[in-house]
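Student: Just passing along the structure, written as structure tokens.
The values are calculated or read from the model by the stated rules, or taken from the named source; none is laboratory data. Just so it is clear, the model here is predicted, and its values are computed rather than measured. A quick note on method: Cβ atoms are made from the backbone with ideal geometry, for glycine too, and the neighbour counts reach across all protein chains shown. Heavy atoms of the whole protein, side chains included, go into the accessibility calculation; ligands, DNA and RNA do not. Shrake-Rupley method; radii C 1.70, N 1.55, O 1.52, S 1.80 Å.
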Amino acid sequence: MKIQVSIGLKSSVKILIALLFMTQVSCEKSEYTRLVEREMDKNIVNDSLIFGMKFGQTRKLFFDQCWKLNNQKIINQGSSNKFVEYKLPIKEGDTTRNAITMLFYGIFNKQKIMTGMDMRFHYVGWSLWNKSLQSDKLVPEVKDSLKSWFPGNDFIIVPAKKTKGEIHVKVDGNRRIVIEPLKDSREVDVRIDDLRYLLDKSK
């Protein structure tokens with residue numbers, strides 16, 4: 001009888017330790033990890049990007065859309081051959097110096113399917129000595145624009161592991177938007193990804 005009680009007690013202790021460990025692991029999950037898990041569990045597909053572009057379209061279609069937008073004088077060729085340039089509408093009361101330029105280009109996999117988009121933002125009137133037009137002052141403007149274009153959850157702030165600074169992340173279903181840590185005083189870098197592709201790739 002004593003042996004049975006001892007065995008039962010040991011089993012109970014093991015179960016308790018396992019439960020405590022699982023609870024600890026659960027508590028240690030970052031806010032970002034919980035956000036991604038919660039959004040992916042919804043099975044909501046958000047494939048919309050900008051100008052009618054979408055995750056899953058071909059690179060040829062991306063180029064065709066850019067060609068049409070260029071002919072309509074909505075976008076221009078960027079300073080580098082890789083990026084396309086778009087001038088954000090000037091807000092009421094702002095000067096042209098406060099206008100914002102966005103550069104963008106699709107991210108494609110080996111099958112030439114768009115799985116994301118790179119974006120870069122900067123003030124038109126940026127100068128090294130003008131403190132009001134530096135990249136750190138631009139981040140809130142970029143966040144407001146992105147939240148307007150892609151309604152849903154707000155951004156959360158995640159500390160950058162490899163570099164100094166912080167990452168602003170917004171996740172809605174499978175669509176993740178990341179405002180990357182500032183690299184210089186001029187540009188704000190943004191990346192939009194389809195988490196379905198990234199998570200499949202990591203398996």
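Student: Tally Lys/Arg at +1 and Asp/Glu at -1 over every other residue whose Cβ is under 9 Å from the Cβ of Arg176; what's the total? The partial results should precede the final answer.
Tutor: On the way: positive: Lys170, Arg175, Arg191; negative: Glu39, Asp172, Asp193, Asp194.
Value of the local net charge: -1.
Student: Which three numbers, in whole Å and largest first, are the semi-axes of the equivalent ellipsoid of the range 149-203 derived from its Cα gyration tensor as √(5λ)? Display every interim value, and only then the final one.
Tutor: Values: eigenvalues 86, 44, 22 Å².
Working through the eigenvalues yields semi-axes of 21, 15, 10 Å.
Student: Now a separate question. Mind ranking 93-105, 110-122 by how tightly packed they are, going by the mean number of other C-beta atoms within 10 angstrom, highest first? Mind showing how you got there, number by number?
Tutor: On the way: 93-105: 15.4, 110-122: 17.5.
Going by the mean number of other Cβ atoms within 10 Å, highest first, we get 110-122, 93-105.
Student: Moving to a separate point now. Which value in nm describes the separation of the simple spin-label points at Lys162 and Lys131, placed 7 Å from the Cα toward the beta carbon?
Tutor: 3.3 nm
Student: Grab the Cα-Cα distance for Lys110 and Thr58, subtract it from 0.36 nm times how many residues apart they are, and report the gain in nm with one decimal. Can you show the working numbers first?
Tutor: Values: separation 52, 0.36 × 52 = 18.72 nm, distance 1.10 nm.
Extra length from Lys110 to Thr58 when fully extended: 17.6 nm.
Student: Add +1 for every Lys or Arg and -1 for every Asp or Glu among the other residues with Cβ under 13 Å from the Cβ of Ile74, and state the total.
Tutor: Values: positive: Lys68, Lys73, Lys87; negative: Glu85.
Within the 13 Å Cβ shell, the charges total +2.
Student: With each label point set 7 Å from Cα along the Cα-Cβ vector, what nm distance links Arg38 and Asn98?
Tutor: Distance between the two pseudo-spin positions: 3.4 nm.
Student: Could you please state, rounded to a whole Å, how far the C-alpha centre of the range 68-133 is from the C-alpha centre of the range 165-203?
Tutor: 17 Å
Student: Still on this structure, please answer the following. Asp172 versus Trp67, label points 7 Å from Cα toward the beta carbon: distance in nm?
Tutor: In this crude label model, Asp172 to Trp67 measures out at 3.1 nm.
Student: Pairs of lysine in the range 33-96 with Cα under 22 Å and at least 8 positions apart or on different chains: total?
Tutor: Here the count comes out as 13.
Student: Could you please report the charge total around Asp189, scoring K, R as +1 and D, E as -1 over all other residues with beta-carbon less than 11 angstrom from its beta-carbon? It would help to have the intermediate numbers written out before the result.
Tutor: Working: positive: Arg120, Lys183, Arg186, Arg191; negative: Asp118, Glu180, Asp184, Glu187.
So the surrounding residues net to 0.
Student: Heads up, I need the accessible area for Lys60: 1.4 angstrom probe, whole protein in place, Å², nearest 10.
Tutor: Probe radius 1.4 Å; accessible area of Lys60 about 140 Å².
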